[in-house]
Amino acid sequence: MPRTADKTDIPRRLAEAGYLLFTRFGYNATGIQQITDQAGVPKGSFYNHFDSKDAFAAQIIRNYAAWVDQAWAQCLADAPPDALGAIRHTFTRFIAHHGNTQCQGCLVGNFAAEVAESSANCRAVLQACMDAWRVRLAELIARAQQEGSVRRDVDAAVLSALFWDAWEGALLRMKIAQSTDPLQQTTHLLIDHLLAQPTRADARI
């Protein structure tokens, strides 16, 4: 490996390699040697930057969460001005992303299924990440409620939590089906039925 004066070069290369391998093979099936080989760095350099594979995985989750934050901001930058339209626009873009990446799924969801029980460190980072996503969507839902486009009989935070739970479940089904159809079906039900204002007929049920 050629020497570099950039102290961020090796951590960046390790992080890129880790994300690629964790996404493709999962946490347990990926070893440190594979990560350093993919990054093109000596295995010993891994421990110069990370105390353990567990600590490294937690950082990869943080990096992924930061990427999602940026993607969310980019979606909102060119979204319709109304909150419900912004929600629809954002998740339509997310569905397109998953289609373009061959239905690999969400790294947070994948890690939650694989390491949440065995790693307290990763579990805490995953929880913080999911909590932030729920808050962000709840803010949009609350604005849509004020605009009159979303039901007001259920708290925005509750709707947001259910929305994300359904979305993550649809992502798992997407990986099995190798199709974004589950995402499209789920978001349609969530946006056009779950969030929709109850009709008079619904109120009588």
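The values are calculated or read from the model by the stated rules, or taken from the named source; none is laboratory data. Predicted, not measured: the structure shown is a model, and the values here were computed from it. For neighbour counting, all protein chains shown are included, and Cβ atoms are generated from backbone atoms with ideal geometry for every residue, glycine included. We work out accessible area using only protein heavy atoms, side chains counted, and drop any ligands, DNA or RNA first. Shrake-Rupley method; radii C 1.70, N 1.55, O 1.52, S 1.80 Å.
The rows are residues; the columns are (1) touching a strand residue (DSSP E or B) at 6+ places or on another chain (Cβ under 6 Å); (2) of a type in the set (A, V, I, L, M, F, W, C); (3) in a loop (DSSP other than H, G, I, E, B).
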position	(1), (2), (3)
ALA66	no, yes, no
THR90	no, no, no
GLN102	no, no, yes
ALA132	no, yes, no
GLN146	no, no, no
Within the range 22-57, considering residues that are assigned to a helix (DSSP H, G or I), open to solvent by less than 20 Å² (accessible area, probe 1.4 Å) and over 30 Å from HIS89 (Cα atoms), the one modelled with the lowest pLDDT:
SER45
When you look at GLN74, is it more than 19 Å from the chain's Cα centre (by Cα) and modelled with pLDDT of 95 or more, yes or no?
no
Which of (1) touching a residue at least 60 places away in the same chain (Cβ under 8 Å); (2) part of a helix (DSSP H, G or I); (3) surrounded by 18 or more Cβ atoms within 10 Å (Cβ to Cβ) is the odd one out, the single condition VAL150 does not satisfy?
(2)
Filter the range 10-21 down to the residues that are surrounded by 19 or more Cβ atoms within 10 Å (Cβ to Cβ) and among the hydrophobic types (A, V, I, L, M, F, W, C), then identify the one that is farthest from the chain's Cα centre (by Cα).
ILE10
Please state which of the following conditions ASN110 fails to meet, knowing it meets all the rest: (1) over 25 Å from GLY85 (Cα atoms); (2) open to solvent by less than 30 Å² (accessible area, probe 1.4 Å); (3) touching a helix residue (DSSP H, G or I) at 6+ places or on another chain (Cβ under 7 Å).
(3)
Say whether the condition of being surrounded by 15 or more Cβ atoms within 10 Å (Cβ to Cβ) and more than 30 Å from LEU21 (Cβ to Cβ) is met by at least one residue in the range 115-138.
yes
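Aromatic (Phe, Trp, Tyr), in contact with an Asp or Glu (Cβ under 6 Å, 6 or more places away or on another chain) and more than 30 Å from GLN146 (Cβ to Cβ): which single residue out of TYR64, TYR19, TYR27, TYR47 fits that description?
Answer to the selection: TYR27.
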